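Structure first, commentary second.
The values are calculated or read from the model by the stated rules, or taken from the named source; none is laboratory data. Quick caveat: nothing in here was measured; it's all calculated off a predicted structure. Quick reminder, even Gly has a Cβ in these numbers, built from the backbone with ideal geometry, and neighbours come from all protein chains shown. Please note that ligands, DNA and RNA were not included when accessible areas were found on the heavy atoms of the full protein model with its side chains. Shrake-Rupley method; radii C 1.70, N 1.55, O 1.52, S 1.80 Å.
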Amino acid sequence: LIHDPTAFFIYQRPGATLIFSGHTHGGQLAIPFFPRFNLAAFRYPYNVGLYQRDHHYLNVHRGMGTIALPLRLGVAPEIACFKLLALS
């Protein structure tokens with residue numbers, strides 16, 4: 001669990017296969033139906049959704065709140081539920 005998704009590069013080395021992040025608020029303003037093209041995309045390569053790099057996964061959560069401007073456009077608030085299964 002990390003706050004800033006740019007740390008994905010740091011944490012994939014020790015062997016973390018699944019990393020959860022937030023921080024970007026999904027960009028708060030996005031073109032509808034293209035959530036990855038948003039304000040956060042200009043600063044963060046990983047800004048909303050699930051990403052895979054080699055055998056490592058990063059989920060960037062949109063969250064519920066906002067920053068600076070109290071509005072969201074094209075980026076709905078999100079509550080995520082994950083079910084983790086142990087493989088034996």
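Here are the numbers for the structure shown:
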{"read-out": "Any strands (runs of 3 or more DSSP E) falling wholly within the range 21-88 and containing at least 3 residues that are farther than 17 Å from ILE2 by Cβ and open to solvent by 40 Å² or more (accessible area, probe 1.4 Å)", "value": "34-38"}
{"read-out": "Sole exception among (1) surrounded by 13 or more Cβ atoms within 10 Å (Cβ to Cβ); (2) in contact with a Phe, Trp or Tyr (Cβ under 7 Å, 6 or more places away or on another chain) for LEU1, by number", "value": "(1)"}
{"read-out": "Qualifying residue in the range 30-39 (condition: in contact (Cβ under 8 Å) with a residue 12 or more places away in the chain, touching an Asp or Glu at 6+ places or on another chain (Cβ under 7 Å) and not hydroxyl-bearing (Ser, Thr, Tyr))", "value": "no"}
{"read-out": "Single residue of the range 1-16 satisfying the filter (at pLDDT 85 or above and either in contact with a His (Cβ under 7 Å, 6 or more places away or on another chain) or in a loop (DSSP other than H, G, I, E, B) (or both)) that is farthest from ARG53 (Cα to Cα)", "value": "HIS3"}
